[in-house]
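The values are calculated or read from the model by the stated rules, or taken from the named source; none is laboratory data. Note that the structure is a prediction, hence the values are computed from the model and not measured. Neighbour counts run over all protein chains shown; Cβ positions are idealised from the backbone, glycine included. Heavy atoms of the whole protein, side chains included, go into the accessibility calculation; ligands, DNA and RNA do not. Shrake-Rupley method; radii C 1.70, N 1.55, O 1.52, S 1.80 Å.
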Amino acid sequence: AFAVSIVSEGAEDETELPVLQKSEKSRTISKIDRELKEIVFVIQSQSNSFHSKRAEDLKRDILKQAFDLGKELPTVLLIHQIDRHEGAWTILPLMRDFSVTYGRNSSWIFFCEEDTRIQIVKLLETLRRFDKSKEWFLGKALHDEESTIIHHYAFAENPTVFKFPDFAAGWALSIPLVNKLGKKLKSEPLKSDFTIDLKHEIALYIWQKGEGPHLTPVPEFCTDDVNSYRVDHCATTFSNFLPLCGEPVNKEDVFVAVKTCRKFHGDRIPVVKQTWEREAALIEYYSDFADISIPTVDLGVPNTDRGHCGKTFAILERFLNHTSPKTPWLVVVDDDTLISIFRLRKLLSCYDPNEPVFLGERYGYGLGTGGYSYITGGGGMVFSRTAVQKLLASKCRCYSMDAPDDMVLGMCFSGLGIPITHSPLFHQARPMDYPKDYLSHQIPVSFHKHWNIDPVKVYFTWLAPNTEESHNGKRVEYNREDL
């Protein structure tokens, strides 16, 4: 592949051809060696055993490709092994360290997810197009169709103008930009209290209200499946729609707890019963009022207008003390959560219930200055029984009955040294609140909220087990309206 074809009428000495080929090949390999040495790969990994193994597999694949190309191997880092920061997964707190460690001898930091697949040769070809001495922020561009609460209604007049990277396709920062960010973070620590959608918040921080670079879209950064006919030009692909690591867990292995209250019995509970309730073998509705028509269980905890910490901890204690000890998984959802228990059972086949697993959509609080990560409640919170046992044994409890339950749980698990586990398949908001291209490489597990939508229609369009599941588990493209 690296040989140079030399065509000449009447070459003086054909024995020179292999020498020229070898010389050109050596120069090419030397160039690739240098380029590989100047890239730092950062895999956005997690410490849960399932995720860490996938990240290690990707690291091995990157190093094998590099070894096959030349003598030099790139640096490959796994985020979860960088334990100096509770918020390492939010990337920005690491910029100063990246600048100090790699700021002189590297050209690019390339970030990717554990399921991103990389063609090293094509990645090098792609990065060569950009002057590494300048500030570059490269990625596959996403944008909001309309302003959303997830992004604090940013760019309300025209949200399509602001682009942010799809992490699944990989994204890259040039070292001059990393050095600039590191310098800024040294003088101005991160101020943001909440981390809600990391990819959008990183793009906002880099943009610096117009003083920094916009994201530059790179067509070679792709999220097409590796087997797609469209990936010939791609430097990256994305291999994972919905993980399946064997048979889905049994229906009886998942206990579902629905948080509700009397004022929503008439409008929200009927939606659950019309949609996903039939997928759950074990389900209870917890309320401030015992309604035998549903039926609901009154936990003796009054309803609160703000957080529901008291109710959630009562649910955890009930699960531990009043359900079969052979039931390994607990799912806690709101009464306006739309969830696919069918898909969740597939996803849970990848996790070991003997580990303390706390799974869902990850948010962060105060991570620039310590803080903690937590699973946001609306998309659904999944606990292994082991996690519930460790939590309740710790005596960590609500500081008030109306404290935000998801944040208190995050604080408790952080104090126990139990990391939360993120899955992008859980969603705190509605399908319309996410870029279409972002959802296109997912088989979602949940959505949340009934605002200005038909929730039954959303469920049957996005979550019902009658689409790709009915075609031997293969993903099938079907029409999804703007919901």
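Could you check segment 203-226 and list, in sequence order, the residues that are closer than 12 Å to Leu173 by Cβ, within 21 Å of the chain's Cα centre (by Cα) and in a loop (DSSP other than H, G, I, E, B)?
Leu215
Quick check on segment 196-209. Is at least one of its residues at negative phi and loosely packed, with under 13 Cβ neighbours inside 10 Å?
No, segment 196-209 has no match at all.
Among the residues of segment 324-352, count how many are open to solvent by 30 Å² or more (accessible area, probe 1.4 Å) and either farther than 22 Å from Val445 by Cα or in a loop (DSSP other than H, G, I, E, B) (or both).
Counting residues in segment 324-352 that are open to solvent by 30 Å² or more (accessible area, probe 1.4 Å) and either farther than 22 Å from Val445 by Cα or in a loop (DSSP other than H, G, I, E, B) (or both) gives 4.
Does segment 381-399 contain any residue that is of a type outside the set (D, E, K, R), closer than 21 Å to Asp197 by Cβ, under 21 Å from the mean Cα position of the chain (by Cα) and crowded, with 20+ Cβ neighbours inside 10 Å?
yes
Looking at segment 263-296 only, could you name the residues that are under 25 Å from Val445 (Cα atoms) and of a type in the set (A, V, I, L, M, F, W, C)?
Phe264, Ile269, Val271, Val272, Trp276, Ala280, Ala281, Leu282, Ile283, Ile294
Report every pair of residues separated by at least 6 positions or lying on different chains whose Cβ atoms are under 6 Å apart, first residue within segment 316-344 and within 11 Å of Arg385 (Cα to Cα) and in the same structural domain as His265 (by the TED database), second open to solvent by 30 Å² or more (accessible area, probe 1.4 Å) and not in a loop (DSSP other than H, G, I, E, B).
Partner pairs satisfying both residue conditions: Pro328/Asp253; Trp329/Asp253.
For segment 395-445, give me the residue count where each residue is assigned to a strand (DSSP E or B) and touching a His at 6+ places or on another chain (Cβ under 8 Å).
Of the residues in segment 395-445, 1 are assigned to a strand (DSSP E or B) and touching a His at 6+ places or on another chain (Cβ under 8 Å).
Of everything in segment 182-195, what is touching a helix residue (DSSP H, G or I) at 6+ places or on another chain (Cβ under 8 Å), open to solvent by 40 Å² or more (accessible area, probe 1.4 Å) and among the polar types (S, T, N, Q)? Give them in sequence order.
If the condition is that a residue be touching a helix residue (DSSP H, G or I) at 6+ places or on another chain (Cβ under 8 Å), open to solvent by 40 Å² or more (accessible area, probe 1.4 Å) and among the polar types (S, T, N, Q), then Ser192 is the only one that fits.
Looking at Glu355, is it surrounded by fewer than 22 Cβ atoms within 10 Å (Cβ to Cβ), outside any loop (DSSP other than H, G, I, E, B) and of a type in the set (D, E, K, R)?
no
Tell me yes or no: at least one residue of segment 270-285 is touching a residue at least 12 places away in the same chain (Cβ under 8 Å), open to solvent by 30 Å² or more (accessible area, probe 1.4 Å), basic (Lys, Arg) and not in a loop (DSSP other than H, G, I, E, B).
Checking segment 270-285: not a single residue is touching a residue at least 12 places away in the same chain (Cβ under 8 Å), open to solvent by 30 Å² or more (accessible area, probe 1.4 Å), basic (Lys, Arg) and not in a loop (DSSP other than H, G, I, E, B).
Within segment 214-236, track down each residue that is in contact with a Ser or Thr (Cβ under 7 Å, 6 or more places away or on another chain) and farther than 12 Å from Gly139 by Cα.
Passing the criteria: Asp224, Asp225, Val226, Val231.
Assuming Gly310 fulfils every condition listed in (1) in a loop (DSSP other than H, G, I, E, B); (2) more than 25 Å from the chain's Cα centre (by Cα); (3) among the small types (Gly, Ala, Ser) apart from one, which condition is it?
Checking Gly310 against (1) in a loop (DSSP other than H, G, I, E, B); (2) more than 25 Å from the chain's Cα centre (by Cα); (3) among the small types (Gly, Ala, Ser), the one that fails is (1).
Among the residues of segment 435-454, what is the count of those that are touching a residue at least 40 places away in the same chain (Cβ under 8 Å) and either of a type outside the set (A, V, I, L, M) or under 16 Å from Ser147 (Cα atoms) (or both)?
Residues that pass the stated criteria total 13.
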